[in-house]
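*Asks:* Following this message is one structure expressed as structure tokens.
The values are calculated or read from the model by the stated rules, or taken from the named source; none is laboratory data. Because the structure is predicted, anything quoted here is derived from the model rather than measured. Backbone-built Cβ (ideal geometry, glycine too); neighbour counts: all protein chains shown.
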Amino acid sequence: MPDIIMEINAKKADIILYDNKIKINRRKRGGILGGIPQERVLMLKDISNVNFTPVLRFRTVYGFIQFVIKGAENRQYSGDPREYREVDSDENVVTFGYKEMPVFEGLRDAV
């Protein structure tokens, strides 16, 4: 059984960092019960890079962390607020608000 290194309970998703993988349990809006949660598991050995865009107070309303997978088609985002829907729908990206940013910085550093 893999060891848990870090757990994050954010507004958009619960993220568990194990010693060999990351599990993202994304909450979806909509539906009577708040939508259907989606789970994504990324093996750490398959992650080639972590892109981190911080929340810039008074300039952007969200930040995001993107796990870049080796050999996969990975989209690149600039952090422009007009990209929010596209960023939020990417299964390798988790968005966060200003108050959540410190824990996501810790996740970036841990991966």
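*Asks:* Please go through the stretch 14-38 and give me each residue that is at pLDDT below 90 and either in contact with a Phe, Trp or Tyr (Cβ under 6 Å, 6 or more places away or on another chain) or outside any loop (DSSP other than H, G, I, E, B) (or both), ordered by number.
*Replies:* Across the stretch 14-38, the qualifying residues are Arg26, Gln38.
*Asks:* Residue pairs, Cβ under 8 Å, 6 or more apart or interchain, first in the stretch 1-26 and touching a residue at least 24 places away in the same chain (Cβ under 8 Å) and surrounded by 14 or more Cβ atoms within 10 Å (Cβ to Cβ), second in a loop (DSSP other than H, G, I, E, B) and among the hydrophobic types (A, V, I, L, M, F, W, C). List them.
*Replies:* Leu17/Val111; Ile22/Val111
*Asks:* Here's something else I'd like to know. Could you please find all residues in the stretch 54-109 being part of a helix (DSSP H, G or I), modelled with pLDDT of 85 or more and surrounded by 12 or more Cβ atoms within 10 Å (Cβ to Cβ)?
*Replies:* Tyr98, Glu100, Met101, Val103, Phe104, Glu105, Gly106, Leu107, Arg108
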